[in-house]
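Notes follow once the structure below has been shown.
The values are calculated or read from the model by the stated rules, or taken from the named source; none is laboratory data. Source: prediction; values computed, not measured. Neighbour counts run over all protein chains shown; Cβ positions are idealised from the backbone, glycine included. These area figures cover heavy atoms from the full protein model, side chains too; ligands, DNA and RNA do not enter into them. Shrake-Rupley method; radii C 1.70, N 1.55, O 1.52, S 1.80 Å.
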Amino acid sequence: MVCCFKKKKQEVIVLLEAVALVGRTLARDGDPIEDLVLPPPRPSRGDKQYLVGLNFLMAGTKRGLSADMVEIDPAVLSRYRWVGNEKGSRPQFYLTTNQLKYLVGQAPVNLLARLEEAGLKNGSLYRRLSALVKSFFRQLPGGSHVLDPQRLGLTTEDVLAAVWEENKAGKSLRRTKAVVAAVTDVLKKWVLKQLELKASEVVLWTVLVDDVPLVTDPDYARVLLLGKEGAVYKGEQGVCLVCGAEDRPVTPDFKRLSFLKYYINDKLGAASGIAEEGFARNFQACKDCYHGLLLAERFIQERLSLRVGRLSFLVLPAFLWEIDFSRTDLEFWAEKLKARVKAITNTSGWNESLAGLKRLDDELQDLLEDLPYDNAALLNFLFYHYQGGQSEFRVLALVKDVAPSRITHLLRHSYRVATKGEALLGADRAWWLDLTRIYQLIPISEGRRGVEHKKLLYIYEALLDQRPVSYHFLVEQFVALAAIYHTGGFTGTNIHPPAPGYEELEMGHRMLQANLLLMFLREEQLLEGGMSLNGSPELEGLSGEMQDYLREMKYGEPATALFLLGYLMNQIGRRQAEAGYRQKPVLEKINYAGMPWGKVMQLTNIVFSQLRQYDILRYNEGLFATMKRLLDAHRKEWPLSPQENVFFILSGYAYASRAAIRAREENANDNNASE
């Protein structure tokens with residue numbers, strides 16, 4: 001246990017030291033609050049989004065409230081210091097918020113307390129805010145202060161007293177919440193009417209006094225930073241385990257961090273099995289490192305965050321030595337890095353975005369031109385699961401020390417495989433392999449997402465970290481995928497259903513992609529297990545295109561035999577479709593749970609019978625004879641598993657479907673050329 005803890009602790013320190021270095025680069029120039037500013041709390045759905053300023057008029061004879069609005073853009077978010085809300089049950093004190101109830105209730109009074117604690121009672125912010133609370137807030141019997149709409153002239157009714165009395169059966173906290181909710185409703189309706197806005201258009205709220213936004217006061221920035229980093233200022237002197245500095249105030253309180261907090265707890269807390277105070281002795285950070293972690297978290301979440309399906313991941317750069325980056329340099333570097341990682345995450349999406357501006361290989365060369373300081377950084381891929389406000393940030397996997405050149409290599413290899421796929425199967429963007437394509441090939445049960453994600457991450461980790469992948473595991477996943485398409489069992493999985501009637505076509509695409517993925521992994525020397533690939537079967541009598549495909553896929557004799565069986569089943573299926581069958585009966589002969597040798601032989605006999613029944617044996621006698629010869633050669637010791645049998649049959653079926661499509665496309669092109 002002790003050894004495990006030390007190893008985990010060192011792993012955390014190395015990662016956080018690298019992340020803190022990014023933060024220190026950001027802190028060297030620029031506004032420290034600027035790096036904490038967040039995007040709008042909800043995405044726009046076409047409507048304009050506004051920040052509403054509640055302007056409390058205190059000077060002169062006309063006292064009361066006015067409201068104004070400003071359309072949200074990055075400059076507005078920065079000027080009005082939108083940094084989110086305090087999380088959980090912590091007291092709210094931010095004056096720019098997406099929750100109007102905080103401004104109606106606790107935030108102004110809590111901010112006054114923060115200013116007093118920071119020794120800022122003599123500042124203009126404290127004076128203005130104190131006067132606002134004194135003039136327009138009332139103290140409830142329970143002790144809480146709440147904005148009084150009657151004092152503002154918004155209503156003639158004493159809302160506070162009425163609602164407090166209506167809820168007299170409840171406890172003080174419950175009665176206070178009811179009062180705050182009622183006042184919030186009154187204020188919101190008044191603002192929407194005054195500004196002629198819809199509720200959905202108001203995204204943020206802030207406070208002004210006599211036309212001055214209180215959040216622009218320098219004291220507000222000081223308190224905001226203290227709120228984020230206050231634990232360090234209150235800490236005792238000690239050794240920072242991130243940078244190694246001694247005799248500085250340090251803190252073990254990482255509650256203000258976002259994803260790193262969960263990473264630290266996940267790695268160290270689980271490994272140590274120790275109490276909170278013991279955890280504190282084992283991990284602590286100084287002010288500079290803590291501030292660096294705060295800034296780096298926001299930077300990484302905004303600029304180096306990506307998704308594959310519902311799986312999210314962050315790219316955490318670890319510079320091997322301190323680089324003299326400016327903020328602009330770092331932002332440029334991160335942009336280039338994200339473009340490269342995004343391409344391997346969704347290559348087909350990147351491909352579509354090119355819009356034919358250049359040749360594809362030229363575009364790829366531009367994308368993969370040397371990244372500045374390419375050799376000075378390693379990449380850490382942190383995969384996680386998080387639904388904001390609904391669950392905790394859960395670390396699923398960390399792939400450490402990936403060289404940027406590895407991403408370049410994977411992209412180039414993906415391009416080569418796609419090019420080879422086009423030569424073998426015809427032009428189609430479906431032959432590009434990337435993390436998204438792999439996501440679509442591995443069925444995941446949504447009911448057990450945390451457990452099932454391990455299957456997908458197992459492959460991602462192998463690709464990034466050059467670890468072996470089990471061939472038999474992959475084949476099982478591919479057969480399970482085919483079963484979903486055949487039965488229509490998409491519900492509760494990550495597999496998106498195609499348009500009705502296209503299930504078989506889509507399944508065929510996936511089986512061909514699966515073959516290309518096996519080829520990709522084999523060429524990467526990452527495929528573990530499977531048949532020996534020494535030698536190749538005699539393919540006399542097969543078309544040149546089919547021979548090329550089988551050789552490129554490294555099919556041995558047993559796999560080739562099953563491939564041909566699947567190809568012949570497709571010929572039968574085409575005749576069944578012509579006869580009016582919507583669901584081809586021949587596909588019902590496949591058992592997707594696996595088919596042992598005996599079942600394969602039964603299927604062979606059925607195929608022979610149906611080739612004769614549909615009068616197409618004469619067109620396929622050569623293929624059937626080759627298939628039968630290869631099957632008989634391994635009859636005594638059949639080497640493939642029941643799942644492999646199904647996979648190679650489906651692969652042949654899929655190839656035949658693709659060959660028919662390709663032939664139609666080529667005929668259409670020939671006809672167009674001759675006109």
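Based on the alpha-carbon gyration tensor of the stretch 410-537 and its eigenvalue square roots a ≥ b ≥ c, which shape applies: rounded if a/c is under 1.5, prolate if not and a/b is larger than b/c, or oblate?
Oblate, because a/c is 1.5 or more while a/b does not exceed b/c.
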- prompt: From a point 7 Å beyond the Cα of Ser172 in the direction of its Cβ, which residues of the stretch 119-160 have a backbone N at a distance under 18 Å?
  reply: 138-147
query: How high is the FRET efficiency between Glu422 and Thr61 when r is their beta carbon distance and R₀ equals 60 Å, given to the nearest 0.05?
result: 0.15
Additional length obtainable on full extension of the chain from Lys198 to Glu331, 0.36 nm per residue less Cα span: 44.2 nm
query: Per q in 0.26 1/Å, what log10 I(q)/I(0) does a Debye calculation on the alpha-carbon atoms of the stretch 571-659 return?
result: -1.62
message: Heavy atoms only, 1.4 Å probe, whole protein assembly: order Met511, Met69 by accessible area, highest first.
response: Met69, Met511
statement: In Å², rounded to a whole number, the accessible area per residue of the stretch 170-233 with probe 1.4 Å is 46 Å²
task: Specify the angular offset, from 0 to 90 degrees and rounded to the nearest 10, of the alpha carbon long axis of helix 503-523 from the longest principal axis of the alpha carbons in the chain.
output: 90 degrees
message: Quick check on my link table: of Lys171/Lys261; Lys87/Lys287; Lys554/Lys636; Lys62/Lys171, which ones sit more than 31 Å apart, alpha carbon to alpha carbon?
response: Lys171/Lys261; Lys62/Lys171
task: Give me the distance in nm between label points sitting 7 Å out from Cα along the Cα-to-Cβ direction at His409 and Arg127, one decimal.
output: 6.6 nm
statement: Taking only protein heavy atoms and a 1.4 Å probe, the highest-to-lowest accessible-area order of Arg222, Arg582 is Arg582, Arg222
Highest to lowest packing among 165-174, 249-258, 431-440, 127-136, scored as the average C-beta count within 10 Å: 431-440, 249-258, 127-136, 165-174
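Can you give me the % of accessible surface on the chain that is carbon or sulfur? Probe 1.4 Å, all protein chains present, nothing else counted.
Result for the chain: 48 percent of the exposed heavy-atom area is carbon or sulfur.
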- prompt: What does the accessible area per residue of the stretch 586-643 come to in Å², with a 1.4 Å probe and no ligands, DNA or RNA counted?
  reply: 56 Å²
query: Using a simple spin-label model with points 7 Å from Cα along the Cα→Cβ vector, what separation in nm is obtained for Ala660 and Val239?
result: 7.2 nm
Exceeding the 32 Å Cα-Cα cut-off - candidates Lys101/Lys228; Lys48/Lys454; Lys101/Lys336; Lys168/Lys189; Lys454/Lys628: Lys48/Lys454; Lys101/Lys336; Lys454/Lys628
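Taking only protein heavy atoms into account and a 1.4 Å probe, give the accessible area per residue of the stretch 20-167 in Å².
Accessible area per residue, the stretch 20-167: 48 Å².
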Of (1) 83, 54, 47; (2) 87, 70, 50; (3) 102, 59, 56, the label for Cα extents along the principal axes in Å derived from the coordinates: (3)
Largest-first principal axis extents of the Cα set of the stretch 80-231 (Å): 41, 37, 29
